[in-house]
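First comes the structure, then the notes that go with it.
The values are calculated or read from the model by the stated rules, or taken from the named source; none is laboratory data. The shown structure was predicted, so the numbers you read here are calculated from the model rather than taken from an experiment. So basically every Cβ, Gly included, is an ideal-geometry build from the backbone, and we count neighbours across all protein chains shown. For accessibility, only protein heavy atoms count, side chains too; no ligands or nucleic acids. Shrake-Rupley method; radii C 1.70, N 1.55, O 1.52, S 1.80 Å.
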Amino acid sequence: RFPADGFLLLALLLYAPVGLCLLVLRLFIGVHVFLVSCALPDSVLRRFIVRVMCSVLGLFVRQSDPQLRDVNVRVYIANHVTQFDHNVINLLTSCNTPALNGAPGFICWSRGFMELGVTGSRAELVDSLKVYSSHRGNPPLLLFPEEAATNGRAGLLRFSSWPFSILDVVQPVALQVQRPLITVSVADSSWITELLWTFFVPFTVYQVRWMPSVPRRAEELSEDFALRVQELLAVELGVVSTRLTAADKTEHMKRLRHTSHLPFAPASSQPRAARPRMPSSLTGVAPEDVQITAMARRVKEVLPHVPLEVIRIDLAQTNCVDTTIANLLEGRVPFFPESKEAGTDLPAPSTSQAAAASGIQGSVAVPSSKPATKQFAKSPVERHLSLQERKRALYDYARR
């Protein structure tokens, strides 16, 4: 969120007292703006008054080529930059944006979203929006096919096809946002945080550019229609048209949050003598691989005969210690067991572990009728390995 340039960072520090005063003042003014927008009916006069009051809050809205706005178009398609894009475009023309995420209620209504009461699949949502658009008295729909906000500087997320299944004609709207000192949009930030930063900065400028309406071609699928409109918007904004989806962004943010809470403590809390020896090729692990390395140590303590590189490769796919252990024990991941000499720093494998390792190589022909240990093991790890050894023997016998 903060600038990397030293001069801009110094300017931000000097501006901070002024920004805090503006934040407090604009919070009180924002309450009045909200009450006025709720009290006045939807009209040109209401939009003008609210737009002037928003300029006091530091929100300036400019539009280009307003004559291109088609009054007959019932669906507007816009790129998604901030969590207030629908409020900004609503200052220029009457439109409604359905609430796709979040619980319905006062917060959803106060943010300007339209509640349809549909909690099912996208097909049910499309059917409800078709019924809504069939009534000419309803305002047009404003939809964001990206389904997730981006910074608007690099590229567009892949457009979902369902907004293009409602009607055969849509009008693209290109949206760009600029503000000084602070980044416009930060991933995984709540709308309250973004609102407070908007009140903190001197001003935020929203530039809305209307584009000509785009009709569906004959026998054109919704997916192709969506990609064509995405390309047109990308060219207008001067960014690339990516194939990354909102689900990809969500998964990426999950990994970033998981990496930010790296389990350094579990790795350092174990006694030094009990840690497995790391190969020399892993001594210079990158920061993003520390998590995999820590989980690989835990798997290695349970399965010392499995090569560490095999564990790391499977953890990179599963990102779960339990799943990797199950994959290794049930034979989903092939490997050659390490010899005793390869892991001298590890605890010596028990007799049951040796039997399990020999079973992998094919020496176990029938399940052993004798228990793996003559008495109940004291260590939970040994008890777990004894159980897994019996399972492994039965699996190998069943396969043969």
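Of note:
- The range 190-210 - residue that is open to solvent by 20 Å² or more (accessible area, probe 1.4 Å) and part of a loop (DSSP other than H, G, I, E, B) and, of those, modelled with the lowest pLDDT: Ser190
- Residue within the range 212-222 that is hydrophobic (A, V, I, L, M, F, W, C) and surrounded by 14 or more Cβ atoms within 10 Å (Cβ to Cβ) present: yes
- Test result for Asp65, on the phi > 0 side of the Ramachandran plot and either in the same structural domain as Ile166 (by the TED database) or open to solvent by 80 Å² or more (accessible area, probe 1.4 Å) (or both): yes
- Residue match in the range 27-43 (condition: without any contact (Cβ under 8 Å) to a residue 24 or more places away in the chain, closer than 25 Å to Ser190 by Cβ, touching a Phe, Trp or Tyr at 6+ places or on another chain (Cβ under 9 Å) and surrounded by 13 or more Cβ atoms within 10 Å (Cβ to Cβ)): no
- Hey, Glu251 surrounded by fewer than 13 Cβ atoms within 10 Å (Cβ to Cβ) and not in a helix (DSSP H, G or I) or not: no
- Any chance Phe106 is at pLDDT 90 or above, open to solvent by 40 Å² or more (accessible area, probe 1.4 Å) and in the same structural domain as Leu20 (by the TED database): no
- The set of residues in the range 166-187 that are open to solvent by less than 40 Å² (accessible area, probe 1.4 Å) and either hydrophobic (A, V, I, L, M, F, W, C) or at positive phi (or both) comprises Ile166, Val170, Val173, Ala174, Leu175, Val177, Ile182, Val184.
- Pair list, Cβ under 7 Å, 6 or more apart: the range 300-324 residue within 13 Å of Gln388 (Cβ to Cβ), other residue of a type in the set (D, E, K, R) and open to solvent by 30 Å² or more (accessible area, probe 1.4 Å): His305/Glu338
- In the condition set (1) without any contact (Cβ under 8 Å) to a residue 60 or more places away in the chain; (2) over 25 Å from Phe28 (Cβ atoms), Leu91 is compliant with all but (2).
- Residue selected from the range 111-139 under the condition open to solvent by 20 Å² or more (accessible area, probe 1.4 Å) and in contact (Cβ under 8 Å) with a residue 40 or more places away in the chain, by the criterion nearest to Phe84 (Cα to Cα): Arg111
- Exactly one residue among Leu9, Leu57 is open to solvent by 40 Å² or more (accessible area, probe 1.4 Å) and under 20 Å from Pro180 (Cβ atoms), and that residue is Leu9.
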